[in-house]
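The values are calculated or read from the model by the stated rules, or taken from the named source; none is laboratory data. Because the structure is a prediction, the values reported are computed rather than measured. Here the Cβ positions follow ideal geometry from the backbone for every residue, glycine too, while neighbour counts run over all protein chains shown. Just so you know, the surface numbers come from the protein's heavy atoms only, side chains and all, with ligands and any DNA or RNA stripped out. Shrake-Rupley method; radii C 1.70, N 1.55, O 1.52, S 1.80 Å.
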Amino acid sequence: MHITDSHAHLYSEQFKPDRLDALRRAQEAGVRTIVMPNVDHSSIDAMMELEAQAPETCFAMMGLHPCSVTRSFEQDLYEVETWLGRRPFAAVGECGLDLYWDKTLLAEQQEALKIQLAMAKKHKLPIVLHTREAFAETVALVEAAQDGTLRGVFHCFSGTPQEAEQAIKLGFMLGIGGVATFKNGGADKVLPGIGLEHLLLETDCPYLAPVPHRGKRNEPAYLPLVLRRVAELLGKDVAEVAEATTRNAAALFNW
């Protein structure tokens, strides 16, 4: 069985003591492909190093996370654009809007997202969207940018059925992770009404570990727990969900 983790910060400092062991555990669990989102300039070196160590498994994105957007974000985006012109990447991301911690930089976050949406179209890459307490604001910008060529994924999706429908109508996939295993995560109200062709699996490690590891460091080896939960909610065979979500990831990231 080939499972794809479509969003994993495996290069994170939290994996420094056992990164290659975590990679081995992932492969033993059937997770054969891991897509790594960039955060900002400080994460690039570690991400690139891991991709070089495991080029058949780990694939890097390039983008600026909304929580890393400052009033001088233009310099960070110049670096993102420079990297996108230098070599291939799986996607632009992760980027988006995050109003959970701080709303004072909303205008800067919006402008940074607009620019990265344009980058995705320019480089013919999918875009990986982070949205927290800002789904409507994110959708408004995506709608304005959508010209029929924009594609991507709302990562860590835990919204309502109506929000899922909005994302899918925009031509985007939904990234489903550990929250789907939480008792009050809401996946039981959303996933049964969504076709398997619209879904990707992800860990977002080291964050959002699935039950029974909730509250601990997450890692790609835990993705089969999410896979089983998604299969249960869809009434599908585990192998069918693994195959379909891996196929969806291959189509999105153009492998």
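Tabulated data
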item: Filtered residues of segment 171-193 (kept if in a loop (DSSP other than H, G, I, E, B) and among the polar types (S, T, N, Q)); result: 184
item: Exclusive hit being within 19 Å of the chain's Cα centre (by Cα), open to solvent by 10 Å² or more (accessible area, probe 1.4 Å) and within 17 Å of residue 117 (Cβ to Cβ), set 65, 41; result: 65
item: Elements of type strands (runs of 3 or more DSSP E) in segment 82-170, at least 2 residues being of a type outside the set (Val, Ile, Thr) and closer than 22 Å to residue 51 by Cβ; result: 92-98, 127-132
item: Scan of segment 7-38 for residues that are part of a helix (DSSP H, G or I) and either among the small types (Gly, Ala, Ser) or open to solvent by 10 Å² or more (accessible area, probe 1.4 Å) (or both), ordered by number; result: 13, 14, 19, 20, 21, 22, 23, 24, 25, 26, 27, 28
item: Criterion: more than 19 Å from residue 6 (Cα to Cα), more than 16 Å from the chain's Cα centre (by Cα), modelled with pLDDT under 95 and open to solvent by 30 Å² or more (accessible area, probe 1.4 Å) - qualifying residue of 103, 121; result: 103
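One line per residue, one yes/no per condition, for (1) polar (S, T, N, Q); (2) over 19 Å from residue 34 (Cα atoms); (3) in contact with a strand residue (DSSP E or B) (Cβ under 9 Å, 6 or more places away or on another chain):
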residue	(1), (2), (3)
152	no, no, yes
160	yes, yes, no
184	yes, yes, no
200	no, no, yes
216	no, yes, no
223	no, no, yes
227	no, no, yes
250	no, no, yes
253	no, no, yes
